Amino acid sequence: MTEKKKLRSQAWFGAEDLHGFLHRAWMKNQGWPHDVFDGRPVIGICNTWSELTPCNGHFRELAEAVKRGVWEAGGFPLEFPVMSLGETNLRPTSMMFRNLASMDVEESIRANPMDGVVLLMGCDKTTPALLMGAASCDLPTIGLSGGPMLTGRFRGQTLGSGTGLWQMSEDKRAGKMTREDFLAAESCMSRSKGHCMTMGTASTMASMVEALGMGLPGNAAIPAVDARRTTQAHLTGRRIVEMVHEDLKMSKIMTRKAFENAVRTNAAIGGSTNAVVHLIALAARIGVPFTLKDWDDLGSHVSCLVNLQPSGKHLMEDFYYAGGLPAVLKELAENKLLHTDALTVNGGSIGENVKDAPCWNRDVIHTYGKPFKAEAGIVVLRGNLAPNGAVIKPSAGTPSLFKHRGRAVVFEDIEDFYRLIDDEALDIDETCVMVLKNCGPRGYPGMAEVGNMPLPPKILRKGITDMVRISDARMSGTAYGTVALHVSPEAAAGGPLALVKNGDMISLDVAGRSLVLEVDDATLAARRKAWKAPEVPARGYAKLYVEHVLQAEQGADFDFLVGSSGAAVPRDSH
Ligand code: FES
């Protein structure tokens, strides 16, 4: 009986008065017997299933496996939907809705009778949205990723989600691939349930869940259709009930040490630049001091161990068979790059979880002594073009371009880019620096993944595949190139990026951490006087977004969502 009083859900289901009757009676229309309300842990299963989010299309089955585990451990599972974010369908960009989905998650958890939560996450933005929303409530919580698709195969070759598409799209534009082959490749790339199977944003964020200690060991890589993914879901259901009894809240797991582990892990897996904004936003929700500078200080010198697309050649299925993330974490631990005492959701430390992790394929997961790419973590650039920072992912770039000075070719916004890029008369060669403006959090609400601008056809025809590109946008985790992203302040907020003109000289120095616009201050001041801020949308969510979104180096969260309100039970108004 003592335990019943402690459980949050009993504030709804435990009373024998009007309120208790009301809360139980309506639930009983689903056929629940009276004793499920007897004080057992109520586990909310937060589901991002949607047919418009194909990467999460199998989540109703996954939820059933979680429920088996919850029942078995003596809990009462209740599945609930939240806004789902399908990367490939949402316009203008799914990132615009990450914060909205996180509000849905936070308020759904706080307003409902639940003692613990399982977060079902897969497609890119579903993972940070659910973690951020749940963090602002801080109940015992486990993340369960949906798992990657099986390896894509097209005419005898492997084909990676996104990465293969960027390559084929460039080949088609350069006239090297026919329309028929291009269309045939579609169904070959996505041939099973699951999320992108390159080390794109979804796989990166699934790895972040595991590195933060928020998922059970093995969470990141088990393919969506592998029976062991169902087992993982079952075990997650069992474990969340125990976590409620142990009062093991998110804030006990997502500590500063956990975030440091995540940054180094991101470097070791060649992870997505999108993790930068998501983890900064997540840390701010849970009250952990964590900045853009930490990414460079902690991660840039860490080597990439994982030979996966887009930085390498293999795919997530190979990664799982080679040992998955535990094998990577073990390498980091043995090289003093992991806080081995960081607590995880299974109740053990991350060091204990991975100390015996095997590796079965050293071409996929390299040792730290013989890394796949040395010192490959995300680098933070600064200079008069990015006073508050920009990021670049060296493992996906071309080393010969890491120190480069070139003439700017400017695209004022994404429409300008699409209008000009295929024009044979465009004054550009491979030594130029492509600059894309007005695609940051406010400028292209949501900070679209357009920073890896496709190259002009006349340059592609020369066989050149990379140029220096600079933008306030993001880039898909599946993309590659020497691309400086997340330039802050963004152009639409009046950052120096807004002042760049065609013909200006720009210097990039990755080793020197600098991004410099070689224009004198007086000229820039004169250009600034002529600059006009873009109009704010007139109404609706777009207006709320533009008025409240923070800049990239602050995680692009809303200013009013930073922090936590806890899970205190709201007053019952009945
Ligand atoms: Fe959903 Fe890539 S499109 S994970």
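Give the average over all directions of the projected area of the C-alpha convex hull of the range 257-378, one decimal, in nm².
Working: hull surface 28.5 nm².
Mean orientational projected area (the range 257-378, Cα hull): 7.1 nm².
With just the Cα atoms defining each centre, how far is the range 119-137 from the range 68-84? Give it in Å.
Distance between centres, Cα-based: 16 Å.
Which residues' amide hydrogens lie under 5 Å from the amide hydrogen of A342, considering only partners 5 or more residues apart or on another chain, with H built in the peptide plane?
Answer set, sorted by chain and number: I350, G351.
Once amide H atoms are placed 1.01 Å from N in the peptide plane, what residues at a sequence separation of 5 or more from L159, or on another chain, have their amide H within under 5 Å of its amide H?
Placed amide hydrogens put G152, R153, F154 under 5 Å from L159.
Would you calculate the volume per residue, in Å³, of the smallest convex hull containing every Cα atom of the range 41-139?
On the way: hull volume 7.2 nm³, N = 99.
Considering the Cα atoms of the range 41-139, their hull volume per residue is 73 Å³.
Listed highest first by mean packing, meaning other Cβ atoms within 10 Å per residue, what order do 219-230, 176-187, 306-317 come in? Working shown, then result.
Working: 219-230: 22.0, 176-187: 12.2, 306-317: 25.0.
Top of the packing list down: 306-317, 219-230, 176-187.
Out of every Cα pair in the range 84-216, what percent are spaced more than 23 Å from each other? List each step's numbers first, then the result.
Values: 3762 of 8778 pairs.
The answer is 43 percent, as a whole percent.
With n ≥ 4 as the cut-off for DSSP H runs, can you work out [θ] at 222 nm for the chain, using -39500 (n - 2.57) per run divided by the number of residues, rounded to the nearest 500?
On the way: 20 runs with 194 residues, N = 574.
Theoretical 222 nm ellipticity from helices: -10000 deg cm²/dmol.
Please report, to two decimal places, log10 I(q)/I(0) for the range 198-316 at q = 0.09, 0.16 Å⁻¹ as given by the Debye formula with identical point scatterers on the Cα atoms and no solvent.
The Debye formula, applied to the Cα set alone, gives -0.26, -0.81.
When Rg is the radius of gyration of the Cα atoms in the range 99-142 and Rh is its Kirkwood radius, what does Rg/Rh come to? The partial results should precede the final answer.
Working: Rg = 9.5 Å, Rh = 10.2 Å.
On the Cα set of the range 99-142, Rg over Rh gives 0.93.
Kirkwood-based Rg over Rh for the range 503-574 (C-alpha set), two decimals? Can you show the working numbers first?
On the way: Rg = 20.9 Å, Rh = 17.2 Å.
Ratio value, two decimals: 1.21.
Search the structure for amide H atoms under 5 Å from the amide H of T398, placed 1.01 Å from N in the peptide plane, and list their residues when 5 or more places away or on another chain.
So T398 has HN proximity to T482.
Can you give the Kirkwood hydrodynamic radius for the range 246-311, in Å, rounded to one decimal and based on Cα pairs? Before the final figure, lay out each step's value.
Numbers: mean 1/r = 0.0798 Å⁻¹.
It works out to 12.5 Å.
For the range 262-297 and the range 456-491, what is the separation of their C-alpha centers, rounded to whole Å?
Distance between centres, Cα-based: 21 Å.
If you stretched the chain out fully between Y418 and N89, how much longer would it get, using 0.36 nm times the residue separation minus the C-alpha to C-alpha distance?
116.5 nm
Excluding residues on the same chain fewer than 8 positions from K252, give the lysines whose Cα lies under 29 Å from its Cα.
Here the lysines satisfying the reach criterion relative to K252 are K4, K5, K6, K67, K125, K293, K330, K336, K355.
What is the ratio of the Cα radius of gyration of the range 333-466 to 2.2 N^0.38 Å, where N is its residue count, to two decimals?
Values: Rg = 20.9 Å, N = 134, 2.2 N^0.38 = 14.1 Å.
Scaled against compact globular proteins, the figure is 1.48.
Please calculate how many Å² of accessible area the range 420-501 carries per residue, with a 1.4 Å probe and no DNA, RNA or ligand atoms counted. Provide the component values of the computation, followed by the final result.
Values: 2040 Å² over 82 residues.
On a per-residue basis, 25 Å².
Consider all pairwise Cα distances in the range 307-408 and report the whole-number % of them above 21 Å.
Numbers: 2578 of 5151 pairs.
Value for the range 307-408: 50 percent of Cα pairs lie more than 21 Å apart.
With a probe of 1.4 Å, find how much accessible area the range 1-104 has per residue, and write the answer as a whole number in Å².
Numbers: 5170 Å² over 104 residues.
Per-residue value: 50 Å².
What percentage of the solvent-accessible surface of the range 38-79, computed with a 1.4 Å probe over protein heavy atoms, is contributed by carbon and sulfur atoms? Could the numbers behind the result be given before it?
Working: 790 of 1540 Å².
That share works out to 51 percent.
Can you work out ³J(HN,Hα) from phi for every residue in the range 320-329, in order, using Karplus 6.51 cos²θ - 1.76 cosθ + 1.60 and θ = phi - 60°, giving whole Hz and x for Gly and Pro?
Values, residue by residue: 5, 5, 7, x, x, 4, x, 5, 6, 4 Hz.
The chain: percent of C-alpha pairs farther apart than 32 Å? Intermediate values should be presented prior to the final figure.
Details: 72929 of 164451 pairs.
Within the chain, distances greater than 32 Å cover 44 percent of Cα pairs.
Find out how many positive minus negative residues lie around V302, taking Lys and Arg as positive, Asp and Glu as negative, among other residues whose Cβ is under 12 Å from that of V302.
-2
Just for the chain, what percent of DSSP beta bridges are antiparallel, to the closest 5?
Numbers: 22 of 51 bridges.
Within the chain, antiparallel bridges account for around 45 percent of the total.
Can you give the FRET efficiency for I464 and K403, using 1/(1 + (r/R0)^6), R0 = 22 Å, r = Cβ-Cβ distance, to the nearest 0.05?
The computed FRET efficiency comes out at 0.80.
Using alpha-carbon pairs under 8 Å, 6+ residues apart, how would you state the relative contact order of the chain in percent? Write down the numbers at each step before the final one.
Values: 1364 pairs, mean separation 81.6, N = 574.
Relative CO of the chain lands at 14 percent.
Ranked highest first by the average count of other Cβ atoms within 10 Å around their residues, in what order do 511-524, 399-412 fall?
Working: 511-524: 14.9, 399-412: 16.9.
Output ranking for 511-524, 399-412: 399-412, 511-524.
HN-Hα J couplings of the range 559-569 from phi, Karplus 6.51/-1.76/1.60, θ = phi - 60°, integer Hz, Gly and Pro as x?
For the range 559-569, the Karplus curve yields 4, 8, 9, 4, x, 9, 10, x, 10, 4, 6 Hz.
Got a number for carbon plus sulfur as a percent of the range 96-189's accessible area, 1.4 Å probe?
54 percent
log10 I(q)/I(0), Debye, Cα-only the range 377-456, no solvent, q = 0.18, 0.19 Å⁻¹?
-0.92, -1.03
Relative to the Cα centre, what is the charge dipole magnitude of the chain, using +1 at the beta carbon of each Lys and Arg, -1 at the beta carbon of each Asp and Glu, and rounding to the nearest 20 debye?
Numbers: 62 positive and 65 negative charges, 59 e Å.
Approximately 280 debye in magnitude.
Quickly rank 442-452, 540-550 as a protection proxy: mean count of other C-beta atoms within 10 Å, highest first.
Numbers: 442-452: 25.5, 540-550: 16.1.
In decreasing order of mean packing, 442-452, 540-550 become 442-452, 540-550.
Once Rh for the range 1-98 is found with the Kirkwood sum over Cα pairs, what is the Stokes-Einstein diffusion coefficient at 20 °C and 1.002 mPa s, in µm²/s?
Values: Rh = 15.5 Å.
Stokes-Einstein gives a translational diffusion coefficient of 138 µm²/s.
The values are calculated or read from the model by the stated rules, or taken from the named source; none is laboratory data. Here the structure is a predicted model, which means the values were calculated and not measured. Neighbour counts are summed over all protein chains in view; Cβ atoms, including those assigned to glycine, are modelled from backbone coordinates with ideal geometry. Ligands, DNA and RNA are excluded from the accessible area calculation, which covers all protein heavy atoms including side chains. Shrake-Rupley method; radii C 1.70, N 1.55, O 1.52, S 1.80 Å.
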